[in-house]
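Nothing in this text is a laboratory measurement; each read-out follows from the coordinates by a stated rule. Since the model is a prediction, treat every value here as computed from it, not as a measurement. When we count neighbours, we look across all protein chains shown, and the Cβ atoms used for this are built from the backbone with ideal geometry, even at glycine.
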Amino acid sequence: MRKTESKVSVRQARLDDRPLNYRFHLERDLPWEQAGENGLFFGSHFLSRLGLLPAAFDAQPDLQWALAVITARAFIALEEDILAFTKGSTGSRSVVLLVEEERKHIELFQRVLTHLYALHPERRADVDAVWWRPVSWDDLRSQSAIDDPQHVKGLFWLTTLFFEEYTVWIQDALERNDEHFQPLWFAAHGLPARPRPHQTSAGRGAIHFW
Ligand SMILES: [Fe+2]
C-alpha cells in the first residue's frame, strides 16, 4: 500500500469510529407541542446579513412566514440531494451514518413545513409558485461541462459542506437577536449547531472515498 493510500485508510477508519453524540432524536429533541405558538422565524441580524431590510419584514409579517417556507423547502431539496449523491457509494459505515442523519433532517423539515403551511393555507399557492428548486445533484451530473466525473463529485461535495456550515450560521445569526422566535423553528435550527462531525469529517473523507 502506498503511503498516501494508508493515510486515507487511517482517516477513513477514524471517521467510521467517530463518537455518535451529535445525533438527535426526532421526537424527543424537538418541541413539536409548540408548533402552533407565535414567534419570529428570522431576526433583524439574520435579515440584515442577507441584505434584506428588517423594516420591510416588520411592516409585512407574512414575509417572515414566506421566507421560512422557502428556507424549509430548500433544506429538504438540498438534503435529498445528499441522499441522491450517496446512493451509489460503496457504503462505508461513515456514509451509512451520514444518510441516517440526513433522512432525519428531511423528515424534520417536512414536518416543520406542514406546520408552516397550516399557519397560512391561503398563501401556500403564492409561495409555492415563486419557489425555485436549487440546482440538484442530478442536474449537475447531467449538465456539467467538466469532463472528469470525480471533479463533479468533488464540487458537489464542497457545495454541500458550505451548505451544512451555512445551516450552523443560521442558528448563530438567530441567537444574536433577543427577539422571541417561534420555538419549533428555533429548535429545528439549533440541531445542526450541535457538535456534529458527520458532515465536515465525512465530507473530507468522502472526497477520498469516491
Ligand atoms: Fe443535514
Of 157-166, 71-80, ordering from highest average Cβ density within 10 Å down gives 71-80, 157-166
From the Cα gyration tensor of region 71-162, with a ≥ b ≥ c the square roots of its eigenvalues, which class applies: rounded if a/c is under 1.5, or else prolate if a/b is larger than b/c, or else oblate? oblate
Least to most buried among Trp132, Trp185, Trp169, Trp65 (fewest other Cβ within 10 Å first): Trp132, Trp169, Trp65, Trp185
